[in-house]
Amino acid sequence: MKKVLFFLIFTVFALALMAQTGLYDLSFGDSFDTCDETLYYSDYEYVGEYNGVHIYYPYEESADEHVVDEIKLYFEGEDDALTGWAIFFYPDSKDNIETFVIGQMKELHGNDYVYHKNGEYYSWDFADKRFVEAGFTEDKSRFYVEYGSEFEE
């Protein structure tokens with residue numbers, strides 16, 4: 001009985017951790033150095049920091065060069081912990097980028113999502129006031145996936 005209980009607790013803990021990791025193996029709480037290394041090995045180069053946001057572009061030779069426009073990383077406070085990130089995809093005329101990306105999101109985060117018809121975006125809620133949203137930008141020029149953390153003011 002103790003083994004079964006331990007296994008169930010371990011499984012729930014492991015699933016909770018998986019929900020905190022998103023596309024490109026970025027995870028809430030990662031340090032800047034960890035994110036930088038993760039993106040480097042995924043063929044992304046650091047462009048710089050603009051208004052507190054760290055920007056990455058795919059390398060020119062990367063397979064993602066014509067699919068991903070940019071990745072933005074958000075760090076809050078001085079503890080160098082990733083609190084959110086956004087990935088912007090170019091719409092593809094021959095493939096449906098929305099179908100492809102949402103399929104990836106369902107594999108990562110499951111089918112427990114909400115489609116917001118008025119805003120035309122998808123959302124998944126995680127523990128600790130964390131979430132992910134996906135949809136087209138207002139001008140429909142790019143499809144985005146944004147992981148975020150809600151903060152109390």
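Before moving on, here are some points about what is shown:
- For Tyr50, neighbours were defined as the other residues whose beta-carbon sits under 14 Å from its Cβ, and their charges (Lys and Arg +1, Asp and Glu -1) total -1.
- Residue exposure sequence - Ser141, Ser42, Ser123 - by fewest surrounding Cβ within 10 Å: Ser141, Ser123, Ser42
- Packing-based exposure ordering (other Cβ within 10 Å, fewest first) of Lys72, Lys129: Lys129, Lys72
- Only aspartates and glutamates eight or more places from Lys129 in sequence, or on another chain, were considered; those with a Cα closer than 18 Å are Asp30, Glu76, Asp112, Glu146, Glu150, Glu152, Glu153.
We did not get these values from a lab; they are worked out from the coordinates using the rules stated. Just so it is clear, the structure is predicted and the values come from calculations on it, not from any experiment. Positions of Cβ are backbone-derived with ideal geometry, glycine not excepted, and every protein chain shown enters the neighbour counts.
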